[in-house]
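Here's the structure, in structure tokens; my notes come after.
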Amino acid sequence: MDLKSKIILIYGPTASGKSIFAIKLAKKIKGEIINADSMQVYKELKILSARPLPKNYENIKHHLYGFQSVKKNFSSGDWLKLVNKKIIDIKKKNKTPILVGGTGLYFKAITEGLVNIPNIPIRLRSNIRLLHKKIGTKKFFSELVKLDPISKNFVKPTDSQRVMRAYEVKLFTKRSIYDWFKSTRSDYEKNDFFKICIDYPRVELIERISDRTKDMIKKGAISEVKKFIKLKVPRIKTASKAIGIAEIRQYLEKKIEISEVIEKISIKTRQYAKRQSTWGRGNMMDWNKIKSEDLNKFLKKI
């Protein structure tokens, strides 16, 4: 199996061993690793994001880890621009780009392209949300269908976020959001990629998540959150949503014990891992699904 000419994508739930597998693969094919995890871009969230550390890189070049301030938002579009540059640079060195992470939207952006919808004015978005609240979910959906008839084929009436998004895009751009989607394409061809989705047994993953949470506390997650709090990052910023910040903040405010912190973080992380696995099943039908116990077998075939 020759993968050297490909752009390799490795996706899997948190704690599934993606980073270690990526390093082993990079060693075999002279690859360089690019981060595809939305929390591992933040420099101040080393422990809570489970970011691979330079001491564990094993002489494999890693890109886009821990470079962004938590005070700034970092979108899929920001990531895609940087990744495209990194892929070009890596290929110029006759090496193989290996993208690894658990952020499904990042992988969707690179394989399908990013919808370039103009920014909707905040006032308009707020008015639409007020209207939704005032008239209710059912009637608002009817209003959407009047405004944008084709939307009824793509969005469920109960999916309020998508319904409001479709409404605001049509109202502001005069084009259906689904027309925007249709005109979007990736900068790459399908054959440019080799796509791997790691399938990790649920029971074993739960145990790994529990162990990793305890390890994060031992390694200084509480100190990391103390420093984060001092930065006074607005709660609307993406980084503020990192699993562990709210729980450790409760502990620092003496509202819960450390045992509860570990339990709460573990539960939230398990829920996140489940969502990642669900995303993989729904959006990665054409990916190579590899069971965790078969990863070493896969490496031997290369």
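What is the range 122-182 by shape, rounded, prolate or oblate, if you read a ≥ b ≥ c off the alpha carbon gyration tensor as root eigenvalues and call it rounded for a/c under 1.5, prolate for a/b larger than b/c, and oblate otherwise?
oblate
Provide L82, L48, L252 in ascending order of the number of other Cβ atoms located within 10 Å of each residue's Cβ, fewest first.
L252, L82, L48
Within the chain, which complete DSSP H helices have Cα atoms spanning at least 18 Å along the helix axis and a mean Kyte-Doolittle hydropathy of -0.5 or higher?
Span-like helices here: 76-92, 122-135, 160-173.
Quick check: Cα centre of the range 70-88 to Cα centre of the range 187-239, how many Å?
18
How high is the FRET efficiency between T278 and V115 when r is their beta carbon distance and R₀ equals 22 Å, given to the nearest 0.05? Don't skip to the answer; put the middle values down first.
On the way: r = 22 Å, r/R0 = 0.99.
For T278 and V115, the calculated efficiency is 0.50.
Along Cα→Cβ, 7 Å out, is where each label goes; now give me the distance between the ones at K138 and K268 in nm to one decimal.
Spacing of the two 7 Å Cα→Cβ label points: 3.6 nm.
Mind telling me which of F193, F21, F181 comes out most flexible in a GNM of the chain, alpha-carbon contacts under 10 Å?
F181
Explain nothing, just the number: relative contact order of the chain, from Cα pairs under 8 Å at least 6 residues apart, as a whole percent.
After rounding, I find 28 percent.
Skipping prolines and chain starts, which residues have an amide H placed within reach, meaning under 5 Å, of the one on D199, given they are 5 or more residues away or on another chain?
For D199, whose amide H was placed from the backbone, the distant partners under 5 Å are I290, K291, S292.
One quarter of the convex hull surface, Cα atoms only: what value does that give for the range 210-271 in nm²?
4.1
Which values, in whole Å and largest first, are the semi-axes of the equivalent ellipsoid of the range 47-124 obtained as the square root of 5 times each eigenvalue of the Cα gyration tensor?
Each semi-axis is the square root of five times an eigenvalue, giving 27, 18, 11 Å.
Using the number of other C-beta atoms within 10 angstrom as an exposure proxy, rank W279, W180 with the fewest first.
W180, W279
Run the quick spin-label model on Q250 and K72: label points 7 Å from Cα toward the beta carbon, then report their separation in nm to one decimal.
For the pair Q250/K72, the computed spacing is 3.3 nm.
What are the semi-axes of the equivalent ellipsoid of the chain, taken as the square roots of 5 times the eigenvalues of the Cα gyration tensor, listed largest first and rounded to whole Å?
So the three semi-axes of the chain are 33, 28, 18 Å.
For F194, list long-range residues whose amide hydrogen, built 1.01 Å from N in the peptide plane, is under 5 Å from its own amide hydrogen.
Under 5 Å from the amide H of F194 lie the amide H atoms of I7, I8, L9, each far enough along the sequence or on another chain.
Which whole-number percent gives the relative contact order of the range 1-148, counting Cα pairs below 8 Å spaced six or more residues apart?
32
Starting from the amide H of G31, placed 1.01 Å from N in the peptide plane, find each other amide H under 5 Å away whose residue is 5 or more places distant or on another chain.
T96
Roughly how many Å is it from the Cα centre of the range 137-179 to that of the range 248-302, as a whole number?
That distance is 33 Å.
Could you give the size of the charge dipole of the chain about its Cα centre, using +1 on the Cβ of each K and R and -1 on the Cβ of each D and E, expressed in debye and rounded to the nearest 20? Don't jump to the answer; show the numbers that get you there.
Working: 68 positive and 30 negative charges, 129 e Å.
About 620 debye.
Just so you know, all these numbers are worked out from the coordinates, no wet-lab data involved. If you're wondering where the values come from, they're calculated on a predicted model, not measured in any experiment. We place every Cβ from the backbone using ideal geometry, glycine too, and count neighbours over all the protein chains shown.
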